[in-house]
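Notes follow once the structure below has been shown.
The values are calculated or read from the model by the stated rules, or taken from the named source; none is laboratory data. As the structure is a computational prediction, the values presented were derived from the model and not from experiment. Cβ coordinates were reconstructed from backbone atoms using ideal geometry, including for glycine residues, and neighbour counts include every protein chain displayed. For the accessible areas, the whole protein counts, side chains as well, though only heavy atoms, and no ligand, DNA or RNA atoms are used. Shrake-Rupley method; radii C 1.70, N 1.55, O 1.52, S 1.80 Å.
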Amino acid sequence: MAQNTLFPLTEEHEMIRQTARYFAQNEIAPIAAEFDESGEFPYKTVMKMGQMGLMGIEIPEEYGGAGMDTLAYVLALEEICRADAAHGTIMSVNNSLYGYALLKFGSDAQKQKFLPPVASGKVVGAYSLTEPMSGSDAGTMRSRAVRDGDTYIINGRKSWVTSGPVAGLIILFTMTEPAKAHRGITAFIVEADKPGFVRGKKEPKLGIRASATSEIAFEDYRIPVENRLGDEGEGFKIAMAVLDAGRIGIAAQALGIAEAAFEASCAYASEREAFGQKIGQFQGVGFKLADMKTRIEASRLLTYNAALAKERSKLTGERFTLEASMAKLFSSETACFVADEAVQIHGGMGYSKELPVERYYRDARITQIYEGTSEIQRLVIARAVTGLK
Ligand code: CAA
């Protein structure tokens, strides 16, 4: 298929895309259904992804990463998600929520200590903002950190933590000064092997089932001041800025799922016969494929554009909030649309667990919810274009 000429890729980009594609198709795709069924965490393949540099693509080599750019990250993530979105979720949280938070806001000492284990895939990273009563309205959290000499004592519960059951290091957002509302939130780098850290029950989920999600709780968890990320009260802005990066990852994930569902549909429509012809020859099916393809290519442009905007921001310091939210909104809605049409084109086989199409349908759904729902993306976009609040 013709390359996208608006985004001519460098040799390095092509190389990481091919490497990720080969690994994903040969080592992840064959086990995806099994791990989806069992809901077990795919330690072995995640470890291999770490060895290949896929768990810290943008982290500089001096901190154990691959030292590549955001477009390289997006291309690799898209390929992993074409094979299995659950692996993609684990990869995306490691790279853009955990890695980017430390890269952008960490001190050199924090980068030296906390980036290499996660970039190598030996330790899984996580990001914890949401609480049982605070989801979209992220500034209203109830967990607390109280300063006590050179430490803080943290208490409270966080929910929907991707990789919560297995993460060794977690970027945590909690309230240090409740009276200041969102300006009283502070970020910390939590080490999960310390007393007072408790993992809650694993969430039974509709899709991305091999990516483990859980509550985590803090019971008089003592954390040294040197594990604070940024200053006191800077947590909300850090959380939002990091989500901008995360949302580009989810856009890439959605793109990968949509591509997989589209490719399966195209192949099926070209083989399956009904009423004496290939079903792809019926205009009803052909038009579906046309709409699926068109929306995928539009998603690709928005997603790669957001990656380039993030790359530019490294030089200019400008925010890429608008580009990231537009990419996440459009790609996630595309993934759900395409996966739904894929089930329809496959008919009964689309509903069967014998083919991966029903998994694409279930996996796609989360992309409209996590790292900011479609409604939150629309709110962010509307505020950005009007300047109103
Ligand atoms: N970058 C930097 N700063 C930002 C920012 C950004 N993208 N967005 C907002 N800010 C700053 C604002 O400038 C403002 O600064 P001041 O205090 O100086 O005024 C401050 O943050 C507060 O901003 P708002 O007034 O806009 O905040 P709000 O309360 O109206 O909320 C929101 C805005 C967009 C709704 C935000 O709360 C939001 O994005 N909510 C969704 C949260 C979300 O995505 N949750 C998913 C969690 S992660 C997950 O899914 C689990 C996982 O493991 C993957």
Only Cα pairs under 8 Å and at least 6 apart count here; give the relative contact order of segment 263-389 as a rounded whole percent. 23
Rg followed by Dmax, in Å, when the chain is reduced to its Cα trace: 20.8, 79
Can you tell me the alpha carbon radius of gyration of segment 226-265 divided by the globular rule-of-thumb value 2.2 N^0.38 Å? 1.85
Would you mind checking the tilt of helix 321-346 against the longest principal axis of the Cα atoms of the chain, expressed as 0 to 90 degrees and rounded to 10? 40
If we restrict to alpha carbons, what Rg and Dmax does segment 1-136 come to, in Å? 15.5, 47
Along Cα→Cβ, 7 Å out, is where each label goes; now give me the distance between the ones at residue 379 and residue 26 in nm to one decimal. 4.6
Above-threshold pairs, the threshold being 22 Å between Cα atoms, out of 122/314; 237/389; 111/158: 122/314; 111/158
Averaged per residue, what accessible area in Å² does segment 321-389 show with a 1.4 Å probe, protein chains only? 47
Cα-centred dipole magnitude for segment 71-142, charges only on beta-carbon of K, R (+1) and D, E (-1), debye, nearest 20: 280
Residue (of 28, 98, 85) at the positive-pole extreme of the chain, dipole from beta-carbon charges: 98
In debye to the nearest 20, the charge dipole size for the chain, taken about the Cα centre with +1 at each Lys and Arg Cβ and -1 at each Asp and Glu Cβ, equals 740
Can you tell which of 342, 175, 267 lies farthest toward the positive end of the dipole of the chain, using +1 and -1 charges on the Cβ of basic and acidic side chains (Lys, Arg; Asp, Glu)? 175
Using only Cα atoms, figure out Rg for segment 83-130 and give it as a multiple of 2.2 N^0.38 Å. 1.16
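Given a 1.4 angstrom probe, what's the average accessible area per residue across segment 247-315, in square angstrom?
44
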Under unit Cβ charges (Lys, Arg +1; Asp, Glu -1), what dipole magnitude, rounded to 20 debye, does segment 135-286 have relative to its Cα centre? 400
Please give the length that would be gained between residue 281 and residue 226 if that part of the chain were fully extended, namely 0.36 nm times their separation in residues minus their C-alpha to C-alpha distance (nm, one decimal). 13.4 nm
For segment 12-64, build the convex hull from the C-alpha positions and give me its volume per residue in Å³. 82
Sorting 108, 150 by accessible area (1.4 Å probe), largest first, what list results? 150, 108
Relative to the longest principal axis of the chain, what angle (0 to 90°, nearest 10) does the C-alpha long axis of helix 235-271 take? 20
Would you work out which of 235, 283, 252 lies farthest towards the positive end of the dipole of the chain? Charges go on Cβ: Lys and Arg +1, Asp and Glu -1. 235
Using 10 Å bins from zero, what percent of all Cα-Cα pairs in segment 178-259 falls into each bin? 14, 29, 39, 16, 2
Rounded to 10°, Cα long-axis angle of helix 374-386 versus longest principal axis of the chain: 80
Given the DSSP H assignment, sum -39500 (n - 2.57) over each helix run of at least 4 residues in the chain and divide by its residue total; what's the result at 222 nm in deg cm²/dmol, nearest 500? -16000 deg cm²/dmol
Rounded to a whole number, what % of the accessible area of the chain do carbon and sulfur atoms account for, probe 1.4 Å? 55
Can you tell me the accessible area per residue over segment 9-112, all protein chains present, probe 1.4 angstrom, in square angstrom? 38
